[in-house]
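Working notes, beginning with the structure itself.
Throughout, read-outs are computed from the coordinates displayed, never taken from laboratory work. Everything numeric in this text was worked out from a predicted model, so none of it was measured. Here the Cβ is made from the backbone with ideal geometry for all residues, glycine too, and neighbour counts use every protein chain on show.
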Amino acid sequence: MTIFSRSSAVDKIHTPATEAEQAKVLLSRRGFCLCCIASGTFAATGWLTPREVFAKAQGIVDMIKSEAAKASIDVTKLRNNVSVLMGSGGNIAVLNGPDGKVLIDAGIGVSKEHMITALDGLGKEPITTLINTHWHFDHADGNDWLHSAGATIYGHENTRKHLSEAQRVDDWDYNFPAAPSGGIPTKILGDATEMKLNGETLLIKYYGPSHTDGDLSIYFAEADILHTGDTFWNGIYPFIDYSTGGSIDGAIKAAKANVEMTTDKSIVIPGHGPIGTQADLVAFRDMLVTIRDNVAALKAKGRSLDETIAAKPTAAFDDKWGKFVIDPAFFTRLVYHGI
Ligand SMILES: [Zn+2]
């Protein structure tokens, strides 16, 4: 267990030269996910046939699962009774106290034993509550075991819908089966909900379509901690899931909302990457806005996707944001898609 500290580890990652090296680097990093790895592979391998991409994604899912099964979980105490767990997909927040453990996101199911060890280390209280920020595998795959362990699952209606049915994500060329019935949220959260648990006021808001069409923010009011789900990746170009309602303009709207929900005293838990601050949210917002403008200007001149990528509209940001899973070309493609 560590105390709250910031990390700039992401900034130090080198750009892997080969796909094999890239996969190795990715899997050696903590808190990473199916979406980014599959996307990174796609970017690294170029325009493969759907069958080839599918075969690679398939292999990588298995690799991620076996790595996640082995990885221990890092526990960091943030403020009041709120901690963050890293090492099983997206970052997981835990609010502990007499009302039982409240989790924001569930990680990947194969991490169960390591998750139990990490959660037991926070106290003997039972697991009672789980809130999903969105439906993606690396945030909700652990829903079923957490439900069996006692959690009532909350989520947006679109998260419930996506987990209830098989999903295809085109940018990963991947088909996900429906979640088991225990892994589907039974409590649906609307535009804004206030919950009082363990002496904290949880303010839960729907962003509107952004990273997906079901993204929620969770703000712990007394602790002044915001969990953004995947509307914020700290120091990393984000994935945007157009297959289930995400878009660059929605992502920018959410990035602006995150800045407005915080002050310079706030602690920010991103979906991926190290714990951040409001200044990191501002940098992320400005990066998205500038790259969107650059790509829009090229598209307005009639540039094709390949010509737009060749013009390097992300160049000023690549040193900071583009050296990890979603590379500059892939991120350009995601932005171009939405303009
Ligand atoms: Zn996601």
Can you pull the one-decimal nm distance between simple spin-label points at Ser164 and Tyr242, each 7 Å off the Cα toward Cβ?
2.7 nm
Rounded to 0.05, the calculated FRET efficiency for the beta carbons of Lys301 and Lys187 at R₀ = 51 Å is 0.60
Theoretical gain in end-to-end length, His337 to Ala69 [0.36 nm per residue, Cα-Cα removed]
93.0 nm
Taking amide H positions as placed in the peptide plane 1.01 Å from N, state which residues far from Gly338 in sequence (5 or more) or on other chains have amide H under 5 Å from it.
Ile248
Positive-end residue of Val169, Val110, Thr128, charge dipole of region 103-199 with Cβ unit charges:
Thr128
Could you sort 169-182, 79-92 so that the peptide with the highest average Cβ count within 10 Å comes first and the rest follow in order?
79-92, 169-182
Options Ile326, Ala310, Thr262, ranked by Cα towards positive dipole end of region 219-339, top entry (Cβ charges)
Ala310
Along the Cα-to-C-beta direction of Asp249, a point sits 7 Å from the Cα; which residues of region 325-339 have their amide N less than 20 Å from that point?
332-339
With each pseudo-label sitting 7 Å past Cα toward Cβ, what's the Glu222-Asn175 distance in nm, one decimal?
4.9 nm
Once Glu260 and Thr152 are pulled to full extension, the length gained, defined as 0.36 nm per residue separation minus their Cα-Cα distance, is 35.9 nm
Whole-Hz couplings from phi, Karplus 6.51/-1.76/1.60, listed for region 218-224; x for Gly and Pro:
10, 10, 8, 5, 5, 6, 6
